[in-house]
Amino acid sequence: MTIKYNLMTAVLFSGVFLGLNTAAADDGEKSDLRANFRRVALEMSSTEVKNADLYVDNPNSQLSADSKTMIKGVFDFVLEYEQPNWQWNNSLFMEYGRTELKPVDEEHTTNEDADKILLTSDYNCKLWKLDFDDADAGPFASVAYQTEFTRNNDAPRMKVVRGKSGLKLFNGDVIKELYAAAVGEYDFTYSNAEVTKSAYEIGIRAEKPISDQVKFQLEGYFRDYLSYSEYVATDLEYELSVTGRMDVKVYQKFSLAPYVSYFQGKARGASREGSNFLIGLSFAYADLFDL
């Protein structure tokens, strides 16, 4: 087990050293600093049903449904610092969503639909310029801290430090990121069970313009855990996340985006996997400008 963790650590730092060596040869080159608001969005829906108790046995379910309100906010920002042979991104991703159910003659209940804070520093080395998609490619390394705004029911607040290193294709016309990486995690969510994990991960982020006003966006990842320093029943064996959006510009930098989102994972202590499938519509702002 110790050999496996030492190997994981060596892999995580190898990408950094490769990038630093390449960057040293280009200290005199002009840099490029950009603020990238990838997505600042509000997603909301509301269903208001009156006199539902009078229509419990009515075949029209629209009259007997429970009233509910769903609201979710997303903030996805990246500070990009680029030179000819490398790129350093520092990002902040936050999302939080709640749904309030209002059944007739019953207590109102509120559930969290999403809760995530992710801080990431990502170093990418441009070793190759590809004809395919006019993309850069090379080794990369990143370190991230993931937590939550609030606790989920009786569970403690998530606290995870995650490092990755591997190969990435990036800055393409369509493929913005496509990577495969070794992953090391230090999970201190539970104070009495601090767990070190190893995994591998593949991921993608792509954008395909359909017209001047319409753009399709895809992002997702698959992470498969290989080892754990100790057993915690709620730890995931794997997780899969995929989101697709059709971004329709309505005014300058503002857009409406119908989207589909799917998440699946299996806990070590569960007999079957769990999943979450969501279809929705968001109102979003996005912009990229030089600093």
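The values are calculated or read from the model by the stated rules, or taken from the named source; none is laboratory data. For clarity, every value in this text was computed on a predicted model and none was experimentally measured. Reconstructed Cβ throughout: ideal geometry from the backbone, glycine too, with neighbour counts over all protein chains shown. SASA here: full protein model, heavy atoms, side chains in, ligands and nucleic acids out. Shrake-Rupley method; radii C 1.70, N 1.55, O 1.52, S 1.80 Å.
Tabulated values for the structure
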item	result
Region 140-196, residues that are closer than 15 Å to Gln87 by Cβ and of a type outside the set (A, V, I, L, M)	Phe140, Ser142, Lys168, Phe170, Asn171, Gly172, Lys176, Glu177, Tyr179
Subset of region 242-291 [of a type in the set (Lys, Arg), open to solvent by 80 Å² or more (accessible area, probe 1.4 Å) and over 25 Å from Lys208 (Cβ atoms)]	Arg272
Residue identified as buried (at least 18 other Cβ atoms within 10 Å of the Cβ) and outside any loop (DSSP other than H, G, I, E, B) among Asn89, Asn111	Asn89
Residue that is farthest from Ala114 (Cα to Cα), among those in region 227-241 that are open to solvent by 30 Å² or more (accessible area, probe 1.4 Å) and assigned to a strand (DSSP E or B)	Tyr228
Single residue of Asp187, Asp224 found to be under 21 Å from Ser142 (Cβ atoms), open to solvent by less than 50 Å² (accessible area, probe 1.4 Å) and under 17 Å from the mean Cα position of the chain (by Cα)	Asp224
So Ser282, is it closer than 30 Å to Gly138 by Cα, of a type in the set (S, T, N, Q), touching a strand residue (DSSP E or B) at 6+ places or on another chain (Cβ under 9 Å) and assigned to a strand (DSSP E or B)	no
Any pair with Cβ under 9 angstrom, 6 or more apart, that starts in region 130-151 at a residue that is in contact (Cβ under 8 Å) with a residue 12 or more places away in the chain and ends at one that is β-branched (Val, Ile, Thr) and assigned to a loop (DSSP other than H, G, I, E, B)	Asp133/Val174; Ala135/Val174
Qualifying residue in region 109-121 (condition: among the aliphatic types (A, V, I, L, M), under 30 Å from Ala284 (Cβ atoms) and in contact (Cβ under 8 Å) with a residue 40 or more places away in the chain)	yes
Qualifying residue in region 142-152 (condition: among the aliphatic types (A, V, I, L, M) and either modelled with pLDDT under 95 or surrounded by 14 or more Cβ atoms within 10 Å (Cβ to Cβ) (or both))	yes
Test: Asn171 is out of contact with any strand residue (DSSP E or B) (no Cβ under 6 Å at 6 or more places or on another chain) and farther than 24 Å from Leu42 by Cβ	no
Residue in region 206-219 that is nearest to Gln264 (Cα to Cα), counting only those that are open to solvent by 20 Å² or more (accessible area, probe 1.4 Å) and in contact with a Phe, Trp or Tyr (Cβ under 9 Å, 6 or more places away or on another chain)	Gln217
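Results for (1) part of a strand (DSSP E or B); (2) within 29 Å of Ala233 (Cα to Cα); (3) not basic (Lys, Arg), shown as yes or no for each residue.
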| residue | (1), (2), (3) |
| --- | --- |
| Glu177 | yes, no, yes |
| Ala182 | yes, yes, yes |
| Phe188 | yes, yes, yes |
| Lys197 | yes, yes, no |
| Glu201 | yes, yes, yes |
| Lys208 | yes, no, no |
